[in-house]
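Just below is one structure, and these are the notes that go with it.
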Amino acid sequence: MNYNSPSEIKSILTSSNIALKKRWGQNFLISSAVREKIIELTTPRKGELIWEIGPGLGAMTLPLLRSGARVMAFEIDWGMIRFLEEHFKTYPELRIIQGDVIKTWESVYVESGRPDKIMGNLPYSSASVIIASFIKKGCIPPATVFTIQRELAQRMAASPGTKNYSSFSILFQFAFSIAEKQDIQRGSFYPAPDVVSSLVKAVPAHYDTMPIDREFFFHVIKISFSSRRKTLLNNLLADKKVKEYSVVDPKHAIEKIGFTPGTRAEELRVEDFIGLSNSFSTAKGVVKE
Ligand code: SAM
């Protein structure tokens, strides 16, 4: 099929009885230049295991398969799945996993191991939840290439103290470092989305010190930003789980990492949050002994 042609996409959707659903962010890539750029960043190789999130009608699945990669494609829409099964039946290296990727990827991970790469033109409304789920459960492949809403890419790349810096920035930067980022205009998709997109390639990030208790580290990030008007200390003091860890006074934990009680969460880097959550975890460990 001609993936550059909105009229062909429209006629396939009609003949396959597929009605587009806004909540699943079904905007198809119709620019061959953007597809080439995504493939250049993904650099699929023969035999590699690549997870594609949201293959849709297969605009990216086709060049991935042509490279000889093994592709696991996570798709929620039955109409698209039926189309892919029919259209790609000559490619034994394609496996389609039906359902919400957030609910399906873990069992695939247990069964087939970590993929070499994860890529996809992600549905905008759930992109951050999908990425957070990989990070929180420790599925960090050597490379990821995502197309996402520009605002989300700005949060991923934001530096401490800037307006886009949020709990998601810290979560993302804990796991990944951005290797490449560029904007994609609305007209590269059919139907055109309401917002500009960004293409982001990310590789694993490395820190000298890692969280002792990952779950608690993620929790500290989240609650530190729970009220932007409050200081870091007041957000920590208001939290039940931190109270459980309260063998160390939150004020001392903040001072231990070199900040004052008046500090706001957006001033801390990933390393500072690791240090902060570790000072609680270490103290908790001492009590347990
Ligand atoms: N890859 C195609 C392209 O670039 O033309 C389609 C991309 S479209 C932006 C997003 C795709 O993700 C759609 O096919 C949609 O059905 C699928 N999708 C949306 N939410 C999903 C979810 N939670 N799990 C799996 N697939 C999902």
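The values are calculated or read from the model by the stated rules, or taken from the named source; none is laboratory data. In this text the structure is predicted, and so the values were computed from the model without any measurement. Glycine gets a Cβ as well: all are built from the backbone with ideal geometry, and neighbour counts include every protein chain shown. Calculation scope for accessible area: heavy atoms of the full protein, side chains included, ligands and nucleic acids excluded. Shrake-Rupley method; radii C 1.70, N 1.55, O 1.52, S 1.80 Å.
Just the protein heavy atoms count here, and of the accessible area of segment 6-204 at 1.4 Å, carbon and sulfur take up 50 percent. FRET efficiency for the T90 to T260 pair, using the beta carbon distance and R₀ = 51 Å, is estimated at 0.20. Roughly how far apart, in whole Å, are the Cα centres of segment 84-158 and segment 34-67? Segment 84-158 and segment 34-67 have Cα centres spaced 12 Å from each other. Rounded to 0.05, the FRET efficiency of the K243 and R186 pair, given R0 = 35 Å and the Cβ-Cβ distance, is 0.15.
Each Lys or Arg adds one and each Asp or Glu subtracts one; over the other residues with Cβ under 11 Å from the Cβ of G161, this totals +1. Angle of helix 214-224 to the longest C-alpha principal axis of the chain, folded into 0 to 90 degrees and rounded to 10: 80°. On a per residue basis, segment 98-247 carries 46 Å² of accessible surface, using protein heavy atoms and a 1.4 Å probe. Projecting label points 7 angstrom from Cα along Cα→Cβ for S125 and N2 puts them 3.2 nm apart. For N234 and T162, the difference between the fully extended length at 0.36 nm per residue and the C-alpha to C-alpha distance is 23.8 nm. For segment 193-289, averaging the sequence separation of C-alpha pairs within contact (under 8 Å, six or more residues apart) and dividing by the residue count gives a relative contact order of 35 percent. Here the Gaussian network model covers the chain, with springs between Cα atoms less than 10 Å apart; of N278, N17, N121, N17 fluctuates the most. Taking V248, V110, V203 as the candidate residues, the one with maximal mean-square fluctuation in a Gaussian network model of the chain, Cα springs under 10 Å, is V110. Taken about its Cα centre, the chain carries a charge dipole of roughly 480 debye when the Cβ of each Lys and Arg holds +1 and the Cβ of each Asp and Glu holds -1.
Full extension of the chain between V195 and S177 yields a length gain of 4.1 nm, computed as 0.36 nm times the residue separation minus the alpha carbon distance.
Within the shell defined by Cβ-Cβ distances under 13 Å, the residues around E180 carry a net charge of +1, with Lys and Arg each +1 and Asp and Glu each -1. What does a probe at L20 reach in segment 112-144, counting residues whose amide N is under 18 Å from the point 7 Å along Cα→Cβ? So the set is 121-127. Accessible surface of segment 214-284, 1.4 Å probe: 51 percent of it comes from carbon and sulfur atoms.
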